[in-house]
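Each remark here refers to the structure printed beneath this line.
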Amino acid sequence: MTPEENNETTETLGQNLIGNGVSRRTFLKFCSTVASAMALPPTAATAMAETLSKATRQSVIWLSFQECTGCTESITRSHKPTLESLIFDFVSLDYHHTLQAASGDAAEHAREEAQKAHKGKYILIVDGAIPVKDDGVYSTIAGITNLQMLKDVAADAAAIVSVGSCAAFGGLPKADPNPTGAVAVSDIIKDKPIINIPGCPPIPVVMTGVLAHVLTFGIPELDSHGRPVAFFGESIHDRCYRRPFYDRGLFAKAFDDEGARKGWCLFEVGCKGPTTHNACATVKWNNGTSFPIQSGHGCIGCSEPDFWDAGSFYKALSTGSMNPGEWATDALLAGAAVGVASGILNKASKSKAEKNHKPVTLEDMGGKNE
């Protein structure tokens, strides 16, 4: 049965949710949670609920290239109440190397049919870097190079989501000496909107939150690296619970010393939190249980470009001629000044957003949300 013949493609999300026993109250709660996570104005939750309830399930094609399957493992780590399961009720995952039941010719046929049935409408998700050396022969699927498959599927996509640092920035495959000539999705595709969700792997709620935003309002605000500002707008250091120790100049000198046992800042044992932008310190992992720094290990900066080649994970960031305590004091004073200015600007921006915010569908991005 082709996607065109499948009733799932014509059933609205509202009908699907009712059929699966999801109440409107639960649905609105979900929309409020996503809107809050994405730093959207309160009115966005209602707009999200209205848009999603009337839309049909969004066709999604997920391609995995040079990767470790960690991104898929991450997004499938569901918990109760599960944002992950709910968001998967919103999309028709028409092709996914790891999760699909079909294999061989049947799997590739499913991808081809989805491309035809939803031409110009489907969302393409990519995890893994793409080898381009020697015409991309170092990684193939069904006899097709990753490079060629990406170009073919991206041609008719409405938007692309690069999941994980490998797809977003090249990741480990691109690390020196990069024998396969691995590159990021954005190094190849130049004519489509691309959202980068880096991390090794990315946080599940970040992935599902971004997908919900794309389905409802379109492309979220992105930073200079193509990352959603809502999740990557601040450094881990800005939100870290160990930050007060940093500001007081209290640092662990080794992972087993007295400072480490007291929970002092891990800056001097290599933590890259000050230069890493992600939501680990606030969203955390495993239903908000913990994150690496809370578990006693410094951040390795996995959501930043070229983090594998950035130097030792256990060597402190350079602070010039100052010691970390002095650097912390200057950073705190500078941050306070910037914070006041940012607060004024953010307040004005939020007020403007509340007045002007309205749903932007996939049609505005070149596809259609029927």
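The values are calculated or read from the model by the stated rules, or taken from the named source; none is laboratory data. Keep in mind that what you see is a predicted model, and the values were worked out from it rather than measured. Don't worry about glycine lacking a Cβ; one is built from the backbone with ideal geometry, like all the others, and counts go over all protein chains shown.
The table that follows gives values for the structure above.
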{"read-out": "Every residue from the range 137-149 that is out of contact with any Pro (no Cβ under 6 Å at 6 or more places or on another chain) and either outside the structural domain of Ala182 (by TED's automatic domain parsing) or surrounded by fewer than 21 Cβ atoms within 10 Å (Cβ to Cβ) (or both)", "value": "Val137, Thr140, Ile141, Ala142, Gly143, Ile144, Thr145, Gln148"}
{"read-out": "Residue satisfying all of: in the range 4-42; buried (at least 19 other Cβ atoms within 10 Å of the Cβ) and assigned to a loop (DSSP other than H, G, I, E, B); modelled with the highest pLDDT among these", "value": "Leu40"}
{"read-out": "Checking Pro244 against (1) modelled with pLDDT of 95 or more; (2) under 15 Å from the mean Cα position of the chain (by Cα), the condition it does not meet", "value": "(2)"}
{"read-out": "Lys119, sole failed condition from (1) buried (at least 16 other Cβ atoms within 10 Å of the Cβ); (2) among the basic types (Lys, Arg); (3) in a loop (DSSP other than H, G, I, E, B)", "value": "(1)"}
{"read-out": "Selection count where residues are of a type in the set (D, E, K, R) and touching a Lys or Arg at 6+ places or on another chain (Cβ under 7 Å), scope the range 60-74", "value": "0"}
{"read-out": "Residue in the range 203-211 that is crowded, with 19+ Cβ neighbours inside 10 Å, farther than 19 Å from Thr72 by Cβ and in contact (Cβ under 8 Å) with a residue 24 or more places away in the chain present", "value": "no"}
{"read-out": "Qualifying residues in the range 263-316 (those that are of a type in the set (Val, Ile, Thr) and part of a helix (DSSP H, G or I)) - the one nearest to the chain's Cα centre (by Cα)", "value": "Val283"}
{"read-out": "Count of the range 225-273 residues which are touching a His at 6+ places or on another chain (Cβ under 6 Å) and either more than 30 Å from Ser162 (Cα to Cα) or surrounded by fewer than 21 Cβ atoms within 10 Å (Cβ to Cβ) (or both)", "value": "1"}
{"read-out": "Some residue of the range 43-56 being among the β-branched types (Val, Ile, Thr) and at pLDDT below 75", "value": "yes"}
{"read-out": "Residue check, Ala168 within 19 Å of Leu222 (Cβ to Cβ) and touching a Ser or Thr at 6+ places or on another chain (Cβ under 9 Å)", "value": "yes"}
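So that you can scan it fast, the table gives a plain yes or no per residue for (1) at pLDDT below 95; (2) closer than 30 Å to Pro179 by Cβ; (3) outside the structural domain of Ile197 (by TED's automatic domain parsing); (4) in contact with a Cys (Cβ under 8 Å, 6 or more places away or on another chain):
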{"residue": "Gly70", "(1), (2), (3), (4)": "yes, yes, no, yes"}
{"residue": "Ser85", "(1), (2), (3), (4)": "yes, no, no, no"}
{"residue": "Leu93", "(1), (2), (3), (4)": "yes, no, no, no"}
{"residue": "His96", "(1), (2), (3), (4)": "yes, yes, no, no"}
{"residue": "Gly104", "(1), (2), (3), (4)": "yes, yes, no, no"}
{"residue": "Lys116", "(1), (2), (3), (4)": "no, no, no, no"}
{"residue": "Lys119", "(1), (2), (3), (4)": "no, no, no, no"}
{"residue": "Ile130", "(1), (2), (3), (4)": "no, yes, no, no"}
{"residue": "Lys133", "(1), (2), (3), (4)": "no, yes, no, no"}
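Residues checked against (1) buried (at least 19 other Cβ atoms within 10 Å of the Cβ); (2) touching a helix residue (DSSP H, G or I) at 6+ places or on another chain (Cβ under 6 Å); (3) of a type in the set (A, V, I, L, M); (4) farther than 15 Å from Phe65 by Cα:
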site: Ala102; (1), (2), (3), (4): no, yes, yes, yes
site: Pro131; (1), (2), (3), (4): yes, no, no, no
site: Lys151; (1), (2), (3), (4): no, no, no, no
site: Phe169; (1), (2), (3), (4): yes, no, no, no
site: Pro177; (1), (2), (3), (4): no, no, no, yes
site: Thr180; (1), (2), (3), (4): yes, yes, no, no
site: Ile194; (1), (2), (3), (4): yes, yes, yes, yes
